[in-house]
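To start, the structure under review is shown below, and the notes come after it.
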Amino acid sequence: MPSTVGYAEIAANYRKQIQDGVLQPGDTMPSLRQVCERYNVAQTTANRAYRVLKMEGLTTPRPGVGTVVVGPTSNNIGTRVRLYQATGKALDGGESSRILEVGTVGADELIAPRLDVAPGTPVQMRRRLVSRNGVPVHLSNSYYPAYVIAATPELTEPVSTGGSRELAAARLGVEQARVLEEVTSRHATNAEKEHLGLTADDVVVSQVIRTVTLEDDRVVEVAVKVTGGETILSWTTDLESGSSSASS
C-alpha cells in the first residue's frame, strides 16, 4: 500500500465495507495499530480516519473492546416530514415498510392520555416493520382516534399508504403543527426480538413515543417506535429558532 494514502481514503474504504455488509453491526474494527500497518500510515492519520467514521455515526468506541460498527440509523420525524414534502414518500430510497398487523384495540395507560381519550377507548392500531437495505431498523405501532379513521378509512387496511399521518392531516384539512418525542429504554419482548433479529437473551431496546398534534390542537397520531440498542437515534436543534430535527 503506497504511503501517500490519506485518512479520507482509509475512511472511505471502511465506510464501503460497512455499507456493503462486509462489516456488520457489532463487529470490532481493526485496531489503530493494524490500520497503520495495513496502510503504511502514521497513527495520527489512522486516528483521523476513525474520527470521520465516528462522526458519520458508523462506528463508536466501546471500552474494553475497541471501535465497533454500530447499527443502522432510524430517521426522526423531522427527516420524514421533509422527505414527504419533497418526494411524497415518508421512506427514503433504501427503506421499506411491511405492515404486520392492523386492528381495533383498547387504548392502554400509555396511549390513552396522549390521544386524550379514556382508557379502554377503541382506537385503530397499525403495526409495521421498517427495514433499511433489508436490515430491520425499527418496529412501530401507530394509534389513531376515531375522527382520524372516519376521515381516513384506508388506515384500517393492511396496506402501506406511503405516509399515513400526512394523508390523515390532508383529509382533515389541517396542517401538522408539532411533535413530542419521549425516549426511554426497556427490555425487549420476545416478539420484538424476533422481528428485529435480536438474538441475545436479555436485550435492551430504545422506545420512542411520538405524539403528533395538528394546528387545531387535535392529536392525529401516537406512535410507539422500538429499535435495537445499537440503532442511532439523533436530533439536531436549531438554536436560533429553537426547533428540532433529525440529523442524517
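No lab work stands behind these numbers, since they all come straight from the coordinates. Remember, it's a predicted structure, so these values are computed and weren't measured experimentally. A quick note on method: Cβ atoms are made from the backbone with ideal geometry, for glycine too, and the neighbour counts reach across all protein chains shown.
Just to be sure I understand: if I project the alpha-carbon convex hull of segment 7-69 onto a plane and average over all orientations, what area do I get in nm²?
3.8 nm²
With r as the distance between the Cβ atoms of residue 185 and residue 150 and R0 = 35 Å, compute the FRET efficiency 1/(1 + (r/R0)^6) and round to 0.05.
So the FRET efficiency works out to roughly 0.45.
So who's got an amide H within less than 5 Å of the one on residue 137, skipping anything under 5 residues away but keeping other chains? H placed 1.01 Å off N, in plane.
So residue 137 has HN proximity to 130, 131, 132.
What is the dipole size for segment 1-40, taken about its Cα centre, with +1 at each Lys and Arg Cβ and -1 at each Asp and Glu Cβ, in debye to the nearest 20?
I would put it at about 60 debye.
Using a ≥ b ≥ c from the Cα gyration tensor of segment 139-194 (square roots of the eigenvalues), is it rounded, prolate or oblate, where a/c under 1.5 gives rounded and otherwise the larger of a/b and b/c decides, a/b for prolate?
Oblate, because a/c is 1.5 or more while a/b does not exceed b/c.
Spin-label point model (7 Å from Cα, Cβ direction): what's the residue 171 to residue 19 distance in nm?
Inter-label distance under the simple model: 3.8 nm.
Identify all aspartates and glutamates with a Cα-Cα distance to residue 225 below 17 Å; exclude those on the same chain that are fewer than 8 residues away in sequence.
List returned: 95, 101, 108, 109, 181, 182, 192, 194.
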